[in-house]
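The values are calculated or read from the model by the stated rules, or taken from the named source; none is laboratory data. All figures in this text were calculated on a predicted structure; none of them were measured in a lab. Here the Cβ positions follow ideal geometry from the backbone for every residue, glycine too, while neighbour counts run over all protein chains shown.
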Amino acid sequence: MDRKRYFSDYMHDILIVLLVLSMILIAQQLSIKVYKWGIILLVLCTFLQIGFGNIPEKTPFWKSMKITGIAFGIIFLVFGLGIVIAPMLIKLTRG
């Protein structure tokens, strides 16, 4: 069976490996720098996984990039909105 692999298939495999690597880096107890790099890698891979996790299986490269761009736009919008709204909510609770 000759199955054509699409870009999203490769990215899912790469992201799984990177997520496991980031967990190993976080779990080690030898270096705080390695721990920090593990946290950074985990956050970046998580955002990428959110984007690529919503891509259908047989999607061509450019359409994958478009969907990922839209997912990143939504992520940045939600985080940006949280950054803007958080001070207002804190002021509300303090009276």
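Assorted remarks:
- Cβ-Cβ contacts under 8 Å between residues 6 or more apart (or on different chains), taken from a first residue in the range 2-25 that is at positive phi to a second residue that is in a helix (DSSP H, G or I), are absent.
- Selection status of residue 31, without any contact (Cβ under 8 Å) to a residue 24 or more places away in the chain, touching a Gly at 6+ places or on another chain (Cβ under 6 Å) and not acidic (Asp, Glu): no
- Among residues of the range 73-95 that are within 30 Å of residue 54 (Cα to Cα), those with a beta-carbon under 8 Å from a residue that is assigned to a helix (DSSP H, G or I) and at pLDDT below 90 at least six positions away or on a different chain give the pairs 75/47; 75/50; 75/51.
- The condition (being surrounded by 12 or more Cβ atoms within 10 Å (Cβ to Cβ) and either in contact with a His (Cβ under 8 Å, 6 or more places away or on another chain) or modelled with pLDDT of 90 or more (or both)) is satisfied by just one residue among 16, 50: 16.
- Qualifying residue in the range 48-59 (condition: of a type in the set (Lys, Arg) and out of contact with any helix residue (DSSP H, G or I) (no Cβ under 9 Å at 6 or more places or on another chain)): no
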